[in-house]
1. Just to verify a number: FRET efficiency for Leu107 and Arg58, C-beta to C-beta distance, R0 = 30 Å, to 0.05?
2. Once every Cα of region 80-142 carries one equal point scatterer and solvent is ignored, give the base-10 log of I(q)/I(0) from the Debye formula at q = 0.12, 0.17, 0.20, 0.21 Å⁻¹, two decimals.
3. Measuring from a point 7 Å past the Cα of Leu80 along Cα-to-C-beta, which residues in region 89-110 have an amide N at less than 15 Å?
4. Extending each Cα 7 Å along its Cβ direction at His69 and Asn129, get the distance between those two points in nm, one decimal.
5. Let me cross-check Arg97: its accessible surface, 1.4 Å probe, with only protein heavy atoms counted, in Å² to the nearest 10?
Amino acid sequence: MREARSCYARRRVAVTAALLDRGALATEDGIPNTRRRPGDGLSVQLSDHPYQLGPHARPVFAALGVDLHAVQSGPSRRPLLRFCVDWSEQRHHLSGRLGAALLTALLDTGWLVRKPQRRALKLTEPGANGLQEVLGVTPDGCDRSATAPPSRPAPCP
C-alpha cells in the first residue's frame, strides 16, 4: 500500500519541504526540515505545529497562484496553517486554509487535474514544469540535485 501512495505522498511532502526551503514557511523549533517530531502521531492533524509563514511567503505563494492576503483575511473557522503527518513518508505536509488555497490554485491553473476518484490527482506537464521552476520539485517529488536541501525527503533511487 505504501508504494501505491508513494507518488502522491512524496509530492505533497516535497512541496511542503520546498516551501520551507524557499522561505515561504519557517520553523519555530529550530529543526530545518519537515520530519516527524517526537510526540507527533502518524497520519493525524497536528494540534500544535512548529511552522509559521516565512519571510518570502507572499512572493512564493503568488508564483503558485495563491493570493496570501485574501487567504489570510477571508472568513473561515479553519486555521490558516495546519499540518498533518503523512504515515508513509513520516513527514509533515501543509493543510489548513493555506493548503486548501494552494490546492485550489494548482487545480485552477491546470497544474493538477482530478482523476475520476475523488482524492486522486494528476500532475500535468505544465504543472510539473511550474513546480520545478517555482519550487525545484520534480514530477516524482524527488530532489535529483547532488546535495538535497536538509528539509527535503531523501533523494529517490
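The values are calculated or read from the model by the stated rules, or taken from the named source; none is laboratory data. Fair warning: this is a prediction, and the values are worked out from it, not measured in the lab. With ideal geometry, Cβ positions are generated from the backbone for all residues, glycine too; neighbour counts draw on all protein chains shown. Side chains included, ligands, DNA and RNA excluded: accessible areas come from the protein's heavy atoms. Shrake-Rupley method; radii C 1.70, N 1.55, O 1.52, S 1.80 Å.
1. About 0.90, to the nearest 0.05.
2. Debye intensities relative to I(0), on a log10 scale: -0.33, -0.68, -0.95, -1.04.
3. 95-102
4. The two pseudo-label positions are separated by 3.0 nm.
5. 50 Å²
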